[in-house]
Every structure is written in C-alpha cells, then in structure tokens.
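Trainee: The structure follows.
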Amino acid sequence: MRWSQGLWSEERLTQAVNSTGKYFALPYGPSGTAPDKDVRAFELYFERLEQAGLGHIKRPDLLVYRIQDKAKVDSAVRQLGGLSELPFTPEADAKMQDLLEHAVVAVECENSL
C-alpha cells in the first residue's frame, strides 16, 4: 500500500511539474519494486543498488529541470543507458554529474497513509 501511494505521489507531481511548460521532472531514485519471481534477478537488483552506493542512502524520487535544459538532460540520460539505469549509476560517475548539474530541485514524494 505504501509503495502504491508513493508511486501515485510521484505520478501526480510529475504530471503537475510537466504541465507548467517551464519545468519537467524525471524519476531519479529507485521507485520500482525489486524482481520477485526470479531469486537471482532479485539478488542482482540489490547488488547493483549497493554498487551504486544506494545501500546507505536514499535518493530523492524525482529531479526537476528547466524546460530549456531538456535537450542536455535527454542527452545525459541516453549516455547513462536510459532512465532505468539511473538508480544503478553512482553519483560520482562523470556522466551522472552531467545530469545532476542541471537539476533545479530534487523531490522525495510521499503522502500520508
């Protein structure tokens, strides 16, 4: 239930930010659930998060950018292997730094149960 509500919050905030025409939001922290039908895939998921440094920190759910930086941000995301790879890329990675330097704000999306 908590995961579903968090995802709902992320979707609503992304929709609101994107509708401004001035800003857009991208998912940043791991928001999906770990694979649950394959034990090895489950292990690899958490190993990859640990390698990226997420075993000890919680990344914000979303990053917000100015619309005029969209081409730069899209390029940085492509160079990192797409949105699905962001949670598994260490923040110290030079390509990740290219993505982070344009962010206006980072947001953790939650709502009350």
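We did not get these values from a lab; they are worked out from the coordinates using the rules stated. Note that the structure is a prediction, hence the values are computed from the model and not measured. Using ideal geometry, Cβ is built from the backbone for each residue, glycine included, and neighbour counts are taken over all protein chains shown.
Trainee: Pull out the extension gain between Asp93 and Trp8, defined as 0.36 nm times the separation in residues minus the alpha carbon to alpha carbon distance; nm, one decimal.
Mentor: Working: separation 85, 0.36 × 85 = 30.60 nm, distance 2.98 nm.
Going from the current span to full extension adds 27.6 nm.
Trainee: Given points 7 Å out from each Cα along the Cα-Cβ axis, report the Lys22 to Leu83 separation in nanometres with one decimal.
Mentor: Using points 7 Å along Cα→Cβ, the separation is 2.3 nm.
Trainee: Relative to the present Cα-Cα distance, how much length would full extension add between Glu108 and Lys72 at 0.36 nm per residue of separation?
Mentor: Details: separation 36, 0.36 × 36 = 12.96 nm, distance 2.32 nm.
Result: 10.6 nm gained on full extension.
Trainee: Any lysines with Cα under 24 Å of the Lys22 Cα? List them, leaving off those in the same chain fewer than 8 positions away.
Mentor: Straight-line reach from Lys22, under 24 Å: Lys70, Lys72.
Trainee: Taking H as built 1.01 Å from N, whose amide H comes closer than 5 Å to the amide H of Gly29, not counting residues under 5 places away?
Mentor: Asp61, Leu62
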